[in-house]
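Read the structure below first, then the notes.
The values are calculated or read from the model by the stated rules, or taken from the named source; none is laboratory data. What you see is a predicted model; the values in this text were computed from it and never measured. Note: ideal-geometry Cβ built from the backbone for every residue, glycine included; neighbour counts use all protein chains shown. What goes into the accessible areas is simple: the full protein's heavy atoms, side chains included, and nothing from ligands, DNA or RNA. Shrake-Rupley method; radii C 1.70, N 1.55, O 1.52, S 1.80 Å.
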Amino acid sequence: MDVTTLNTGEVVRVAGFARGDRAARERLLTMGLTPGTEFEVARIAPLGDPVEIRLRGFSLSLRRAEVALLNIERIS
């Protein structure tokens, strides 16, 4: 699933990571975005960058390019 198809309020699960920047992938892992983690899309900026998500009891703002590294599956 592509990040451009996400809407505010959707709940998705991290299925894995796309190939690419290893340092960025490790940064996402340290922020709690491990495979199997569910998060809600809280807000998307008017121009699509950044994207605010809620997971594990906190909010996190990510660049669109960082969210694009996630392989995600829609839950609701």
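At-a-glance table
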quantity	calculated
Selection count where residues are out of contact with any helix residue (DSSP H, G or I) (no Cβ under 7 Å at 6 or more places or on another chain), closer than 17 Å to VAL51 by Cβ and of a type outside the set (Ser, Thr, Tyr), scope the stretch 26-37	4
Subset of the stretch 12-39 [in contact with a Ser or Thr (Cβ under 8 Å, 6 or more places away or on another chain) and touching a residue at least 60 places away in the same chain (Cβ under 8 Å)]	ARG13
Count of residues meeting criterion [part of a strand (DSSP E or B), farther than 16 Å from LEU69 by Cβ and open to solvent by less than 70 Å² (accessible area, probe 1.4 Å)] in the stretch 5-39	1
Members of the stretch 40-65 found to be open to solvent by 20 Å² or more (accessible area, probe 1.4 Å), more than 15 Å from THR5 (Cα to Cα) and either touching a residue at least 24 places away in the same chain (Cβ under 8 Å) or outside any loop (DSSP other than H, G, I, E, B) (or both), listed by number	ARG54, ARG56, PHE58, SER59, LEU60, SER61
